[in-house]
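These notes are about the structure you will find just below.
Coordinate-derived values only; no laboratory data. The shown structure was predicted, so the numbers you read here are calculated from the model rather than taken from an experiment. Using ideal geometry, Cβ is built from the backbone for each residue, glycine included, and neighbour counts are taken over all protein chains shown.
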Amino acid sequence: MGTARAAVRTANLGLEEAVADAEARYVAARPKSRAIFEQNLKAMPGGNTRTVLWFAPFPTVIARGRGARLQDVDGHDYVDWLGEYSAGLYGHSHPVILEAIREALEDGIALGGPNRFEGPLAAELCRRFPSLELVRFCNSGTEANLYAISAARAFTGRPAVMVFDHAYHGGVFHFTPGADRINAPFPWVLAPFNDLDGTSALLEAHARELAAVLVEPMQGSAGALPAEPAFLRGLREACTRHGICLIFDEVMTSRMSGGGLQARLGIVPDLTSLGKYLGGGLTLAAFGGKAAIMAQFDPRRPGALPHAGTFNNNVLAMAAGLAGLTRVATPEVLDAHFERGERLKARINALATLHGVPFQCTGCGTLLGLHAQAGPIRSARDFARQDPARRERLQRLLHYDLLDRGHYLARRGYLTMSLPLTAEDEESFVGALEEFFEVRRHLLLDRAA
Ligand SMILES: Cc1ncc(COP(=O)(O)O)c(C=O)c1O
């Protein structure tokens, strides 16, 4: 895509001009995406119905996907490193998933009764996840967290929930400053992520009112920032001591092993929420945990908690999810996939060191974050070391440059690896990053740029 020519042309630009130049090329190459965006503006605020998919000046509209490949409506081909924010673990149109959906489709899709998939899928999850004694299904990660929180509140009889700065547990559970104005109105106690002392002090002060501590074992949306094992162990210990339900939001991280990140870390929460790839790419999520907590939903019990939801046992998603877990994403496959992501992360970090540029890859397994910043990043608070305008410009530049080189990922530098990615895709991606380090070296190094 004209990379060499672009490199020569952009080598002498300052950061602001380089971003403007890259953006102009992005716009010029995408007239159809632009036209669709302008049309969509007439019926949707910002032409958008999913905030995370919006980026300025307008997002690339995707026409189709196959395996780990995407094509946009303007005919550009990409290697898909976004992997639908981790819901696309199986890649696009995986034959096992397609077969399961087609087979289920033949028997009807909105049956109004229990179906043959929900029991086996629940059993498979309980077999895999150390914390899951009983599980229930719902439609989204947001909903799974809503039910996990509500189950904890009903179980403990306490109102409050501890969450962490910059956490993302769904559209109405978003704890980045400024993004929290439409959060569901629970009594939240906001604690500092990966700061055990600060968190312990708050936890002790609020212990009597806390029903739950809700934590991502790796903050995904905040930048692929793993919780430190000692931090999670500290939470586990304090929750046990005070009778507080520890909820692991494994909506993203459940792919880290057959039993999620909890199995890898050897830390067992009381409740777990799952989602994303659970329905093989279709809409499905789950929450579950200790039998005593989950039994509150047993409808045979007098005064049972209701858990309604027209699509809780939606046939296509359950058929796809069950086939995916049992025939594709086996524990062995997920372990190997985790190692693959760790190797890619190490490779990117070694490359940045070799080029002497302030750049790093964070995350764990196949959920990774790219950051044009040096020094440890233990929590999103560490991003404040960088000027926010410069950080935003570098993110834009990296995004445009990688799109230009045929690699699709989130603007914030987030990538999630799907199973069909090939070794050649990785080579190509590392090569594109190396080119970015070379061509944009002066911008990465120039603190005043
Ligand atoms: C950790 C985490 N929890 C919850 C959610 C919400 O899931 P959904 O978008 O399915 O509502 C997300 C989505 O990105 C997530 O990353």
>> Taking the beta-carbon count within 10 Å as an exposure proxy, list M44, M218 from fewest neighbours to most.
In response: M44, M218
> Hey, which aspartates and glutamates would be in cross-link range of K290, C-alpha to C-alpha under 20 Å, not counting anything within fewer than 8 residues on its own chain?
Replying inline: E118, E124, E133, E143, E216, E237, D249, E250, D270, D298
> How are the C-alpha pair distances of the chain spread across 20 Å bins, as whole percents from the shortest bin up?
Replying inline: 25, 56, 19, 0
>> Order 336-346, 46-56, 249-259 from most to least packed using the mean count of other Cβ atoms within 10 Å.
In response: 249-259, 336-346, 46-56
> Once the Cα atoms of helix 15-28 and of the chain are each reduced to a long axis, what angle between those two axes, in degrees from 0 to 90 to the nearest 10, is obtained?
Replying inline: 80
> Across the range 393-409, in residue order, what do the Karplus-derived ³J(HN,Hα) couplings come to in whole Hz, using 6.51 cos²θ - 1.76 cosθ + 1.60 with θ = phi - 60° and x for Gly and Pro?
Replying inline: 5, 5, 5, 4, 4, 4, 4, 4, 5, 6, 4, 4, 9, x, 10, 9, 8
> In terms of the ratio Rg/(2.2 N^0.38 Å) built on C-alpha atoms, what value belongs to the range 47-103?
Replying inline: 1.26
>> Can you tell me the orientation of helix 423-439 relative to the chain, as the angle in degrees between its alpha-carbon axis and the longest Cα principal axis, to the nearest 10?
In response: 50
> In 10 Å bins starting at 0, how do the alpha-carbon pair distances of the range 331-397 split up by percent?
Replying inline: 19, 44, 28, 8, 0
>> Using amide H atoms built in the peptide plane, which far-off residues or other-chain residues are under 5 Å from G258 H to H?
In response: D335
>> Can you give the log10 of the normalised intensity I(q)/I(0) at q = 0.14 Å⁻¹, computed with Debye over equal Cα scatterers of the range 212-367?
In response: -0.83
> What is the set of long-range amide H partners of G279 at a cut-off below 5 Å, with H atoms built 1.01 Å from backbone N?
Replying inline: L284
>> Only counting other Cβ atoms within 10 Å, I'd like T272, T362, T422, T416 sorted with the fewest neighbours first.
In response: T422, T362, T416, T272
> Roughly what angle does helix 141-156 make with the longest principal axis of the chain, taking Cα atoms, 0 to 90 degrees, to the nearest 10?
Replying inline: 30
> Mind listing P(r) for the range 95-328? All alpha-carbon pairs, 5 Å bins, whole percents.
Replying inline: 1, 7, 15, 19, 20, 16, 11, 7, 3, 1, 0, 0
> Amide H to amide H under 5 Å from L134: which residues, 5+ apart in sequence or cross-chain, H placed 1.01 Å off N in plane?
Replying inline: G289, A291
